[in-house]
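To keep things clear, I will list the structure first and then write my remarks on it.
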Amino acid sequence: MSRRRILGALLLAGAVSFGLVACGDVQDSSSSAAAPASADPAAFPVTITHKFGTTTIDKAPSRVVVIGTSSDDLDAALALGVTPVAYFDKSGSAGVPSYLRGKLDPAKTKIVNAANGVNAEEVGALTPDLILATADYGLDQEYANLSKIAPTVGYATEWGAQTWQEHVQVTAKALGKTGEAQNVISTTQAAIDKVKADYPKAAGKTFTASVGNTAGKVFTLVSQQDFAVRTIQSLGLKLSRSVAGLGQNDSGSPTGSLSPEQYDKLAADLVVIAFTSPDLQQAFESNQLVAKVKSGDYLVLDMETISALRYPTVYDIPWVLEKLRPGLAKL
């Protein structure tokens, strides 16, 4: 399911933002790595086909710029041992995401707030020899100018359609590190498998995942193909039938909108929800129907965590799983 269709709901209140305050810094085994191997010279030249045509990279890039609405390409590059010279962050965040603390050094990678768009001249001033932009919403309007600066790799079919594994694979191909891609993928998958094994009682239990970012309304995930839903289901849980497919229309939106008289539909064994303000949380919890919702395991996350859940990457997945552990432990 494409993440493009999320914009009409969760992006309205900055649900993609990685710059919100997080609840501490969680380290995982993937944060410690040996000295990275150099790119394989035999891997070049390499040609990558994407929505905007083909991009040929003649030699191992030394100055990589990443542009993204989410950090998929950035995380993949870092996990593969490559430090980009800059990251143009369209999520509206300020600074290093919590899940990249200890992995991304802002002294080495310039972080540019690109919430209002990417300035091609600013990109050009960095003299990149590769631009990774497979997670760049708006690339359709920027590709022509960016590709004049350096070889630019765009998304395969449409923004948000690639899995975290596919982001690793295409990034590895562009960087001449295809031999290391599977190890990166396996490390993240191992983190998922470990959490699933730690909470066997979660198997078959129901869940809902939602965001309260608008007065008198809650957006909840309703699609089995949504990346957040797939991540939670990979732990053995299943999306509650009360919301599955709810409110979906011809656009295929992965979110359904619930009004206050429908809040009881969120009830499940595990209820995951985030709010953009304390007032919205208080208004939600004061609804008498929410008593039923809170009768199960009611886990309130911060917006950075729910955003990372929506946009899984090799580094934010282990971080998010740690945030889910308190809820899983009560199942």
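Structural remarks
- Across the cross-link table entries K148/K323; K51/K103; K177/K201; K90/K323; K51/K323, which are compared at the Cα atoms, the separations over 32 Å belong to K148/K323; K177/K201; K51/K323.
- Stretching the chain fully between D264 and T56 yields a gain of 69.6 nm (0.36 nm per residue, less the alpha carbon separation).
- Alpha-carbon Debye profile of region 48-127, log10 I(q)/I(0) at 0.24 Å⁻¹: -1.32
- Stokes-Einstein diffusion coefficient of region 198-328, Kirkwood radius over Cα pairs, 37 °C, 0.692 mPa s, in µm²/s: 224 µm²/s
- All aspartates and glutamates inside 18 Å of K194 as judged from Cα atoms, apart from same-chain residues fewer than 8 positions distant: D28, D316, E322
- From least to most packed, judged by other beta carbons within 10 angstrom and beginning with the fewest, D73, D316 follow the order D316, D73.
- Spatial extent of the chain: Rg and Dmax, with the Cα atoms as the point set, Å: 19.9, 65
- Likely footprinting exposure, S98, S186, S307, fewest C-beta neighbours within 10 Å first: S186, S98, S307
- Average Cα contact separation per residue, the chain, under 8 Å, 6 or more apart, as relative contact order %: 22 percent
- Highest-fluctuation residue, Q282, Q162, Q182 considered, GNM on the chain with Cα pairs under 10 Å: Q282
- Under a Gaussian network description of the chain, with springs only between Cα atoms under 10 Å, the residue in A79, A215, A191 that fluctuates furthest is A215.
- Label-point gap, in nm, between K201 and Q281 - each point 7 angstrom along Cα→Cβ: 2.5 nm
- Cα gyration tensor, region 121-228 - rounded (a/c under 1.5), prolate or oblate: oblate
- Contact order normalised by residue count of region 38-176, Cα under 8 Å, 6+ apart, percent: 32 percent
- For region 38-176, the normalised intensity computed at q = 0.10 Å⁻¹ comes to -0.27 (log10 of I(q)/I(0), Debye sum over alpha carbons, equal scatterers, no solvent).
- Point-to-point label distance, A107-A125, nm (Cα→Cβ direction, 7 Å offset): 2.3 nm
- Candidates K59, K196, K148: whichever shows maximal mean-square fluctuation once the chain is modelled as a Gaussian network with Cα springs under 10 Å: K148
- Share antiparallel - DSSP beta bridges, the chain, percent rounded to 5: 30 percent
- For H50, H167, order by how many other beta-carbon atoms lie within 10 Å, fewest first: H50, H167
- Under the simplified labelling scheme, the R325-A291 pair shows an inter-label distance of 3.5 nm, with each label point 7 Å from Cα along Cα→Cβ.
Every read-out reported here was derived from the displayed coordinates using simple, explicitly stated rules and does not represent laboratory data. Everything quoted here is computed from the prediction, not taken from an experiment. Glycine gets a Cβ as well: all are built from the backbone with ideal geometry, and neighbour counts include every protein chain shown.
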